[in-house]
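What follows is calculated from the coordinates using simple rules that are stated; it is not laboratory data. Owing to the predicted nature of the structure, the values given are computational and were not obtained by experimental measurement. We place every Cβ from the backbone using ideal geometry, glycine too, and count neighbours over all the protein chains shown.
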Amino acid sequence: MATGPIRETPCPLCGADTARLVLIQAGYRIVRCPTCTALYLSPMPTPHELTAHYQNPDYFAGDATQGYADYSAMEKALRPFFQRRLHTLVRYLPQRGMLLDIGCAAGYFLTLARADGWQIAGVELAAAMGQQAAHMLGIPIATHLDELPADIPYDAITLWEVIEHLPDPVVQLRRLYARLRPGGVLMLSTPNTNHWQAHRDPQHWQGYRPPSHVMFFTPTTLEDALRRAGFTTIHIQRTAPLPPIPGWLRPLSAPLEHKLANGQLAPGLPWQVGLWLWRGVRVGVWGWQRVRQPNDDMYATLEALAVKDV
């Protein structure tokens, strides 16, 4: 594999143009900036290519390798994650206020936020998902941030699994920083590319999903991006523990993981027994991995909370 300089796409974080090849995945080159350690696609897909990719109906219903097998069926599975994240947000902003969700998809998080007392707004690039959210919520859903009134300051802006899709994350974070009121909060989540599998088994790491994902963050590079956007108060936590699955268990666990991820787990006893056995094995593997590889990062997701200075 080639390791020489690649000069096709400057680093989206620091602008350096001396990135080196790390991995080829699905024909796309993932490179690392030696200056700030950012990981990204080079060459980067064009805005037209990315828009066409997300407007494809298969992205939210049909293509589980790039998007979702059926996002509309995932509300029940996603609700606990969204509730926990909303609870974290409310700890910082107990007074509620105006909340903007970027990449709101079908509006599941906005539904919970409104029930919790927030005024809500949403942006969704995929037209079909935006229409579904608008119908469910009874409010207009913008396709782009520029469609929203520029004179409305937001108390909170959220981006759940969005920043890894942005070819210019610092530029977009700066735009969102400007939309926050002083003391407002931005919260986001993204795959943790410091996870052990990204290093030792990168071809199977779920975060490497080009061209859907064009940026790949570690705790260090995520904090760097937020600081470059203007934030100085930043909290990052690692969530979603994901230990390795033994080879003998993978063929058995794959159908269960697929159903869990898509909210399709049947209520019958066999699936429930299988679920508890699967969870038990993962807990055991977690402990074993901690003994064998104590320095491994076992968490698959990063969640960041950044506060705009008053």
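Could you give me the ³J(HN,Hα) list for the stretch 28-45, computed from phi with Karplus coefficients 6.51, -1.76, 1.60 and θ = phi - 60°, whole Hz, x at Gly and Pro?
3J(HN,Hα) across the stretch 28-45, in whole Hz: 9, 9, 9, 10, 10, 7, x, 7, 10, 6, 4, 10, 7, 7, 8, x, 7, x.
Put +1 on the Cβ of each Lys and Arg and -1 on the Cβ of each Asp and Glu in the stretch 37-151; which of Ala133, Gly122, Pro80 then has its Cα farthest toward the positive end of the dipole?
Of the candidates, Pro80 comes out farthest on the positive side.
Determine, for each peptide in 103-114, 9-20, 138-149, the mean count of other beta carbons within 10 angstrom over its residues, then list the peptides with the highest first. Write out the running numbers ahead of the final one.
On the way: 103-114: 22.9, 9-20: 17.3, 138-149: 13.0.
So the order, starting with the most tightly packed, is 103-114, 9-20, 138-149.
Quick one: net charge around Gly103, please, counting Lys, Arg +1 and Asp, Glu -1 for every other residue with C-beta under 12 Å from its C-beta. Working shown, then result.
Details: positive: none; negative: Asp101, Glu124, Glu161, Glu164.
Within the 12 Å Cβ shell, the charges total -4.
Where a ≥ b ≥ c are the square roots of the eigenvalues of the C-alpha gyration tensor, would you call the stretch 72-184 rounded, which needs a/c under 1.5, or, failing that, prolate if a/b is larger than b/c, or oblate? List each step's numbers first, then the result.
Values: a/c = 1.37, a/b = 1.08, b/c = 1.27.
Judged from the Cα gyration tensor, the stretch 72-184 comes out rounded (a/c under 1.5).
What is the sum of charges around Leu145, taking Lys and Arg as +1, Asp and Glu as -1, for the other residues whose C-beta is under 10 Å from the C-beta of Leu145? It would help to have the intermediate numbers written out before the result.
Values: positive: Arg175, Arg179; negative: Asp146, Glu147.
Residues close to Leu145 contribute a combined charge of 0.
Arrange His204, His213, His235 by Cβ neighbour counts within 10 Å, fewest through most, would you? Show your work: numbers first, answer last.
Working: His204 11, His213 26, His235 14.
With the fewest neighbours first, His204, His213, His235 line up as His204, His235, His213.
For Ile157, list long-range residues whose amide hydrogen, built 1.01 Å from N in the peptide plane, is under 5 Å from its own amide hydrogen.
Leu100, Val185, Leu186, Met187
Starting from 0.36 nm per residue, how many nanometres of slack lie between Asp146 and Gln206 once their C-alpha separation is accounted for?
Details: separation 60, 0.36 × 60 = 21.60 nm, distance 3.15 nm.
Taking Asp146 through Gln206 to full extension adds about 18.5 nm, to one decimal.
Can you compute 3J(HN,Hα) from phi for each residue in the stretch 209-225, using the Karplus curve 6.51 cos²θ - 1.76 cosθ + 1.60 with θ = phi - 60°, rounded to whole Hz and x for Gly and Pro?
9, x, x, 4, 9, 10, 10, 9, 9, 10, x, 5, 6, 5, 4, 4, 4
I'd like the Karplus ³J(HN,Hα) series for the stretch 229-241: coefficients 6.51, -1.76, 1.60, θ = phi - 60°, whole numbers in Hz, and an x wherever there's a Gly or Pro.
Rounded to whole hertz, the list is 7, x, 7, 10, 9, 9, 10, 10, 10, 9, 9, 6, x.
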